[in-house]
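A.B. asks: Here it is, the structure, as structure tokens.
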Amino acid sequence: MRYFAALLSTVLRSISVRFCLLVLLLYIPSLSIAHDIPSRVTVYAFVKPEGTQLTALLRVPMEAFGEISFPLRGPGYIRFSEAEFALNDAARVYITESMHFYENDVELTEKELQLTRVSLPSNRSFTSYEVAMANIQSPPLDDTTNLFWRQGVLDVLVTFPIQSDQSDFSIDPQLGTLSDQTTTVLRFLVPGGAERVFNYLGNPGLVELDPRWHQAALRFISMGFMHILEGIDHLLFLFCLVIPLRSMRRLIPVVTSFTIAHSITLIGSAFGVAPNALWFPPLIETLIAISIVYMAFENIIGAKLEHRWMVTFGFGLVHGFGFSFLFSDTLQFAGGHLFSSLLAFNVGVEIGQLAILILVIPLLNMLFKYFVRERIGTILLSALVAHSAWHWLFERGDQLSQFQFQLPVFDTLFFAALMRWGMMLIVIIGALWGMYELFRRFALIQSFSEYGVAQKLKNR
């Protein structure tokens, strides 16, 4: 019995040891390859075509090179005299292989790593291309410099042979894996002296560095289309609009007024009409939530819809400012084609709206025909939308309340802004009058006089 117990104990110990060894073997490789990925990294880059050579000059924080073993001394200082191979290795693995340049849509596969140089975090040479180039060509730091490797920044110079500096250049940067949140500030130096500045997060895909007007237009059409599809608040507003209005005759005035309204404020914002204040975006977001709640409650109570196009026009002005926030962030991809990109973005928004209407209207007609009565369905759907928008209203209103509003300074800038707002007001009034006359001529709406007479007759 004792023998059996001893044997059993031995077997169990053997199994336990083997299990522990197995777990350890599985865990050790993960330890060897694991490294701390920084939460946030900012990459600075200059790109300059000149003659038959494209030069890319980048600065990357060294904390992103967690898998590279740098020669160290003391408590972790870089041994610069022995670090050349490791620095070149880091530049190839993390940078040169992640930067894909194209000339006339053909990838530049021939590249040469020219120089690498570690700089102190206090170094400000990347303020201009000339200063940054002089810095990377200067003698390297020596071993008397006490710099922890994670605190340094690595400057990298890479060149590509090209056919001509007048070609169309684009880049597909894939530096987003350097950290959880990688921001790239890229300056493209156009032959002739102009400069295109790009500031993007993660991997933006293929970026035209100096796009032609049609390239910019296609990009912004896509942006506008995706924005309307991804903007849940804009979608819910459109949904509330069409729930009680599903005939083409009744939809045309409403959709047209919304389109013209948001186009006015979108274009106005691009030309500096919108106030450059921190409280303005949360104010617009709050007003957008109010617009959804209003439209939903109007559907619920069964309000008259003869002049809904005017209410839609007013809220469309608000939504246009909402569209402008995204457009201002993506304006960097327009190159020198501001107006055409603006129109293209608006076209993309309209295409997205039409796609939504084409999908939603048949579904609503089917729902009200086969599943639920129209009045009950309108109330239920509008109540669901109002519930979501009501929460947004309080959340956004709370954010807005955190800002302190101050009286403006009555200086030349204020009066210049006031003049711009006055000009936009004239455009708004002209658009309202033009739409009213057009809709009335084609009998799409009732005139104000006819509506008043109809109301009096109904009340008798």
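Laboratory data are not the source of any read-out in this text; all were calculated from the coordinates shown. Not measured: the values here are computed from a predicted model. No Cβ is skipped: glycine too gets one built from the backbone with ideal geometry, and neighbour counts run over all protein chains shown.
A.B. asks: Using only the alpha-carbon atoms of the chain, report the extent along each of the three principal axes, biggest first, to the nearest angstrom.
C.D. replies: Projected onto its principal axes, the Cα set of the chain covers 100, 89, 48 Å.
A.B. asks: Further question on the same structure: About the Cα centre, and with charges only on the beta carbon of Lys, Arg (+1) and Asp, Glu (-1), how big is the dipole of the chain? Nearest 20 debye, please. Could the numbers behind the result be given before it?
C.D. replies: On the way: 32 positive and 37 negative charges, 487 e Å.
That gives a dipole near 2340 debye.
A.B. asks: To the nearest 10 degrees, how steep is helix 84-94 against the longest Cα principal axis of the chain, on a 0 to 90 scale?
C.D. replies: That helix lies at roughly 30 degrees to the long axis.
A.B. asks: Give me the angle, in degrees from 0 to 90, between the Cα long axis of helix 232-242 and the longest principal axis of the Cα atoms of the chain, rounded to the nearest 10.
C.D. replies: Orientation of helix 232-242: about 20 degrees from the principal axis.
A.B. asks: Taking the number of other C-beta atoms within 10 Å as the exposure measure, put Val156, Val190 in order starting with the fewest. Mind dumping the intermediate values first?
C.D. replies: Details: Val156 25, Val190 17.
Fewest-to-most Cβ neighbours within 10 Å comes out as Val190, Val156.
A.B. asks: Sticking with the crude label model, points 7 Å out along Cα→Cβ, report the distance from Lys369 to Gln114 in nm, one decimal please.
C.D. replies: It is 6.8 nm.
A.B. asks: Would you mind checking the tilt of helix 280-301 against the longest principal axis of the Cα atoms of the chain, expressed as 0 to 90 degrees and rounded to 10?
C.D. replies: 40 degrees
A.B. asks: Moving to a separate point now. Place the peptides 398-410, 434-446 in order of packing, highest mean first, counting for every residue the other Cβ atoms within 10 Å and averaging per peptide. Intermediate results must be reported in sequence, preceding the final value.
C.D. replies: On the way: 398-410: 10.4, 434-446: 14.8.
Descending packing order for the listed peptides: 434-446, 398-410.
A.B. asks: Placing unit charges on C-beta atoms (Lys and Arg positive, Asp and Glu negative, everything else neutral), compute the dipole magnitude of the stretch 40-210 about its Cα centre in debye, rounded to 20.
C.D. replies: Roughly 740 debye for the stretch 40-210.
A.B. asks: Now for a different question. Determine, for Arg308, Arg73, the number of other Cβ atoms within 10 Å of each Cβ, and report the residues in order from fewest to most.
C.D. replies: Going from sparsest to densest Cβ surroundings: Arg73, Arg308.
A.B. asks: Assuming R0 = 35 Å, what is the FRET efficiency of Leu331 and Glu84, from their Cβ-Cβ distance, to the nearest 0.05? Provide the component values of the computation, followed by the final result.
C.D. replies: Details: r = 41 Å, r/R0 = 1.18.
Efficiency, rounded to the nearest 0.05: 0.25.
A.B. asks: Order these by the 10 Å Cβ neighbour count, fewest first: Asp89, Asp411.
C.D. replies: Working: Asp89 16, Asp411 8.
Placing the least packed residue first, the sequence is Asp411, Asp89.
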